[in-house]
Amino acid sequence: MESGDRLSDLSGELNWTPNIWQGVTVESDKYRDRIDALRQVGARIRFISFEPLISDAGKLDLTDVDWAIVGGESGSQARPMELEWILSIKEQCERQNVTFYFKQWDGPNKKKAGRILLGQTWDAMPPISAK
């Protein structure tokens, strides 16, 4: 069963109260179909976790998505994350009015790698009062 199918199956069984946020993980363009499944749930806040981001996510349709979290893989076997992949997601979020959050760079020591992107941290949360 595909992850999007599982999400669709569960969605109808849940009572989507305002405090329930639903997210999907999209670590590469191979998993963009999960975003379509996310759009179908009744959650007040829908988010995508692009972590660990292990390749370019490609062109994204972020319709009905509130928040995007981007982060690299950590640990001794961490795969590299490219700046251009992050910036592509950030720019698409800006164009489509989606809140952007940068969690961390990749590498064996996430504290050492840090969270600074373009000279600052990106800590925005989705506006929940608008819905």
Condition check for Leu60: modelled with pLDDT of 95 or more, surrounded by fewer than 14 Cβ atoms within 10 Å (Cβ to Cβ), closer than 15 Å to Glu27 by Cα and among the hydrophobic types (A, V, I, L, M, F, W, C):
no
Among the residues of the stretch 35-63, which ones are under 28 Å from Arg79 (Cβ atoms) and in a loop (DSSP other than H, G, I, E, B)?
Glu51, Pro52, Leu53, Ile54, Ser55, Asp56, Ala57, Gly58, Lys59, Leu60, Asp61, Leu62
Scanning the stretch 70-88 residue by residue, the ones that are part of a strand (DSSP E or B) and among the β-branched types (Val, Ile, Thr) total 1
Which one of these is over 19 Å from Met125 (Cα atoms), in contact with a Phe, Trp or Tyr (Cβ under 9 Å, 6 or more places away or on another chain) and among the hydrophobic types (A, V, I, L, M, F, W, C): Ala68, Ala43, Ala78, Ala57?
Ala57
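Quick check, is Ile20 buried (at least 16 other Cβ atoms within 10 Å of the Cβ) and of a type in the set (Val, Ile, Thr)?
When the stated conditions are applied, Ile20 does not pass them.
If you go through the stretch 83-104 one residue at a time, do you hit one that is modelled with pLDDT under 90 and farther than 25 Å from Ile45 by Cβ? Walk me through how you get there before you give the answer.
Step one: filter the stretch 83-104 for residues modelled with pLDDT under 90, giving none.
No, the stretch 83-104 contains no residue that is modelled with pLDDT under 90 and farther than 25 Å from Ile45 by Cβ.
The values are calculated or read from the model by the stated rules, or taken from the named source; none is laboratory data. Note that the structure is predicted; figures quoted are calculated from it, not measured. Here the Cβ is made from the backbone with ideal geometry for all residues, glycine too, and neighbour counts use every protein chain on show.
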